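Participant: Before I ask anything, here is the structure I am working with.
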């Protein structure tokens, strides 16, 4: 009933497709880190307009499912005359979506720093720029590492959704494989195994970082 | 932009929205219940069962919901599990959500001061009474924000059910867009619907939190 050879055979093409999964989630988190930093800065800035914009950005992107955001970007870009490959649209959407969560992670990490530290730094005569680059950011970035790994794990799983805009990542490849072999159970279980392997590695990395920081 | 299509497709969209809310409510309730059972079994069950449940948690949390649904809906019939789209979707949501809820409950249990459990034991309360009257009430209050948070995440996971043909809002919107070719309008409507839904739920959740944490503050 369960065909072991089909199960094992699916690993080849699916591993090959995993490069798109890693590409979309890797570039997605990189873009998310950049935009997330900007949004976090806007959220913490003194300009009311920027603060409102950042709050709306976070609320919208966290309030709308990623699948809907993907289709929105995918269909919106041609309407406003921008013609990009599906892969670019997918990476941009995943990155924008991640930026909302990442900006909140950083805001939390910055908020968790004891106030006394910045006050002490100001008291011994450090300028605001120095306080940020030498006191706040190094600590906030280290503190947020486990949460960022967690976000990356979520992105690896979320990248299965970009299969709907036609990118040949693990999920799309397993749909094709299931359609040609007529053995969906074996193929999708193989896909699940690959995702699990990627995420267990990432989780181990997260635990390692957490452990190092606790020391 | 052409918004007239909304008049024609309005009732269909509302039906879909109703199903979305139903899937979310039932999925949340079922997966929360299953998560609680898992967390309790992990706390009190025999060691082999604990390992098994830990493996279940790791596997479900490590794989995408979409892939789980494919295994269940397209792979299920091969092992004799033949379900319609809606029950399959609900079962999928329940399985997907349960390990996250189990972890939330587990950290809730950890937040219960050990002294309270020991005190309950010392005055001779049987274990099931301790769970019901000491462990759960305290753990639930401290886990509430995380429970609300994950319920909100589940709202957004319901759109993935459209891919296995559950006729919820996303499915209806896609039907509307392929019949009218108005993809952008259709997806904008969808985004607005979800934004509203999620904002409403999180407002309600915040209210509930302030309501409940109110009881945590000790009064002289």
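Each reported figure results from applying straightforward, stated rules to the coordinates on display, with no laboratory input. Nothing here was measured: the structure is a model prediction, and the numbers come from that model. Cβ placement follows ideal geometry from the backbone for every residue including glycine, while neighbour counts extend to all protein chains displayed.
Participant: Can you give the log10 of the normalised intensity I(q)/I(0) at q = 0.09, 0.12, 0.18 Å⁻¹, computed with Debye over equal Cα scatterers of chain A?
Facilitator: -0.46, -0.74, -1.25
Participant: While we're looking at this one, here's another question. What distance in nm separates the two pseudo spin-label positions at residue B:12 and residue A:55, each 7 Å out from Cα along the beta-carbon direction?
Facilitator: 3.9
Participant: At a temperature of 20 °C and a viscosity of 1.002 mPa s, determine how fast the stretch B:83-161 diffuses translationally according to Stokes-Einstein, using the Kirkwood radius over alpha-carbon pairs as Rh; express D in µm²/s, rounded to the nearest whole number.
Facilitator: 149
Participant: With the crude spin-label approximation of a point 7 Å out along Cα→Cβ, what separation in nm comes out for residue B:50 versus residue A:83?
Facilitator: Distance between the two pseudo-spin positions: 6.2 nm.
Participant: Please arrange A:185, A:1, B:22 by how many other C-beta atoms lie within 10 Å of their C-beta, fewest to most.
Facilitator: Ranked by crowding around the Cβ, least crowded first: A:1, B:22, A:185.
Participant: How tilted is helix B:5-44 with respect to the longest principal axis of chain B? Cα atoms for both, answer in degrees (0 to 90, nearest 10).
Facilitator: For B:5-44 against chain B, the angle is about 20 degrees.
Participant: Could you state the angle between the C-alpha long axis of helix A:4-44 and the longest principal axis of the C-alpha atoms of chain A, as a value from 0 to 90 degrees rounded to the nearest 10?
Facilitator: Orientation of helix A:4-44: about 20 degrees from the principal axis.
Participant: Residue B:116 label point, 7 Å along Cα→Cβ, cut-off 11 Å on backbone N: hits in the stretch B:143-184?
Facilitator: Output list for this probe position: B:143.
Participant: While we're looking at this one, here's another question. Checking a compactness column here: for the stretch A:88-215, what do you get for Rg(Cα) / (2.2 N^0.38 Å), N being the number of residues?
Facilitator: That works out to 1.47 for the stretch A:88-215.
Participant: Mind checking the full-extension length gain between residue B:83 and residue B:29? Use 0.36 nm per residue of separation minus the Cα-Cα distance, one decimal, nm.
Facilitator: Here the answer is 17.4 nm.
Participant: How far apart, in nm, are two points set 7 Å out from the Cα along the Cα-to-Cβ line at residue B:203 and at residue A:38?
Facilitator: 3.1
Participant: Using only Cα atoms, what is the ratio of the radius of gyration of chain B to 2.2 N^0.38 Å?
Facilitator: Numbers: Rg = 21.0 Å, N = 220, 2.2 N^0.38 = 17.1 Å.
It is 1.23.
Participant: Roughly how many Å is it from the Cα centre of the stretch B:134-208 to that of the stretch B:79-96, as a whole number?
Facilitator: Value for the Cα centre distance between the two parts: 19 Å.
Participant: Place the peptides B:68-77, A:105-114 in order of packing, highest mean first, counting for every residue the other Cβ atoms within 10 Å and averaging per peptide.
Facilitator: So the order, starting with the most tightly packed, is B:68-77, A:105-114.
Participant: If I build a Gaussian network model for chain B, linking alpha-carbon pairs within less than 10 angstrom, which residue out of B:60, B:130, B:95 has the largest mean-square fluctuation?
Facilitator: The residue with the greatest mean-square fluctuation here is B:130.
Participant: Something else: If you line up the Cα atoms of the stretch B:15-76 on their principal axes, what length do they span on each, largest first, in Å?
Facilitator: 46, 24, 18
Participant: With the calculation restricted to Cα positions, what are the radius of gyration and Dmax of the protein assembly as shown in angstrom?
Facilitator: 23.4, 74
Participant: Using only Cα atoms, find the angle between the long axis of helix A:48-63 and the longest principal axis of chain A, and express it within 0 to 90 degrees, rounded to the nearest 10.
Facilitator: 30
Participant: Per residue of A:66-74, count partner chain C-beta atoms within 10 Å of its C-beta, then hand back the mean as an integer.
Facilitator: Across the residues of A:66-74, the mean count of other-chain Cβ atoms within 10 Å is 6.
Participant: Also: Indicate the gyration tensor shape class of the stretch A:1-55 (rounded, prolate or oblate), computed on the Cα atoms with a ≥ b ≥ c the square roots of the eigenvalues: a/c under 1.5 is rounded; otherwise a/b larger than b/c is prolate and the rest oblate. Before the final figure, lay out the partial values.
Facilitator: On the way: a/c = 8.24, a/b = 4.11, b/c = 2.01.
Note, shape of the stretch A:1-55 comes out prolate.
Participant: So, one more: Just want the ordering: A:182, B:150, from fewest to most Cβ atoms lying within 10 Å of their own Cβ.
Facilitator: Lowest to highest Cβ neighbour count: A:182, B:150.
Participant: Counting pairs of alpha carbon atoms under 8 Å apart in space and at least six apart in sequence, what relative contact order in percent does chain A give?
Facilitator: 33
Participant: For n ≥ 4 DSSP H runs only, could you compute -39500 (n - 2.57) per run for chain A, divide by its residues and tell me the 222 nm figure to the nearest 500?
Facilitator: Values: 8 runs with 172 residues, N = 215.
Rounded to the nearest 500, the figure is -28000 deg cm²/dmol.
Participant: Where the centre of each part is set by its Cα atoms, how far does the stretch B:57-75 sit from the stretch A:59-95, in angstrom?
Facilitator: Value for the Cα centre distance between the two parts: 25 Å.
Participant: What percent does the relative contact order of chain B come to when contacts are Cα pairs within less than 8 Å and at least six residues apart?
Facilitator: It rounds to 29 percent for chain B.
Participant: Using Cα springs under 10 Å in a Gaussian network model of chain B, which residue among B:53, B:169, B:154 shows the largest mean-square fluctuation?
Facilitator: Fluctuation is largest for B:53.
Participant: Mind giving me the FRET efficiency for residue A:48 and residue B:178? R0 is 35 Å, r the Cβ-Cβ distance, nearest 0.05 is fine.
Facilitator: 0.25
Participant: Next question, about the same structure. Could you tell me how far the Cα centroid of the stretch A:14-29 sits from the Cα centroid of the stretch A:142-215, in Å?
Facilitator: With the stretch A:142-215 and the stretch A:14-29 each reduced to a Cα centre, they are spaced 9 Å.
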